[in-house]
1. For each of 39, 81, 10, count neighbouring Cβ atoms within 10 Å of the residue's Cβ, then give the residues from fewest to most.
2. Given the Cα-Cα distance of residue 57 and residue 133 and 0.36 nm per residue of separation, how much length would full extension add, in nm?
3. Let me have the 222 nm mean residue ellipticity of the chain computed from DSSP H runs of 4+ only, each contributing -39500 (n - 2.57), with the sum over all residues rounded to the nearest 500.
4. Measure off 7 Å from each Cα along the Cα-to-Cβ vector at residue 112 and residue 36, then give the distance between these two points in nanometres to one decimal.
5. If you stretched the chain out fully between residue 163 and residue 124, how much longer would it get, using 0.36 nm times the residue separation minus the C-alpha to C-alpha distance?
6. Normalised by the number of residues in region 1-48, what is the relative contact order in percent for Cα pairs under 8 Å and 6+ residues apart?
7. Mean-square fluctuation check for the chain, GNM, Cα pairs under 10 Å: which of 23, 32, 13 is largest?
8. With a cut-off of 8 Å between alpha carbons and a minimum separation of six or more residues, what is the relative contact order of the chain in percent?
């Protein structure tokens, strides 16, 4: 599995991974009709726009790819939280894998690569937000040395009212 910075031409595959991962990981955690309505073509447009502006240094998207294509991705950058200093606190804003890549070490490799990028960019701490009900993801983040820091929020972007908790870790 090769881990590399994503390019605009990866947008469609990243979108496919994003949608399939949500449909697998969030089954039973959010309304099925919402998951069924997710469209990789719509996400591809968003990912192309994102990949067009990230610099790959302080913010970027990494992909895990093999000869068959993109199997997962992780995005990172300065924190988006208003209570944090974006000069010192980085954030893993997304990390998703195709369900077939779960449990293969691909996620660990992406997380390690994202943390390495954040350290190289000079961040001192890392945060991320995870769905409170997503026990699998919470175990994954705990294994990567992150822990809940007490912050919570309600994500109501699509009217779903999903509770999220923030995880944190110091960086070397």
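1. Lowest count first: 39, 81, 10.
2. Full extension from residue 57 to residue 133 adds 24.2 nm.
3. Taking each H run of at least 4 residues, the total per residue is -10500 deg cm²/dmol.
4. For residue 112 paired with residue 36, the spin-label model returns 4.1 nm.
5. Contour length minus Cα-Cα distance gives 11.4 nm.
6. 57
7. Highest fluctuation of the listed residues: 32.
8. Reported as a whole number, the value is 20 percent.
Computed from the coordinates by the stated procedures, all read-outs in this text should not be read as laboratory data. It should be emphasised that the depicted structure is a prediction, and the values quoted were computed from it without experimental measurement. Cβ coordinates were reconstructed from backbone atoms using ideal geometry, including for glycine residues, and neighbour counts include every protein chain displayed.
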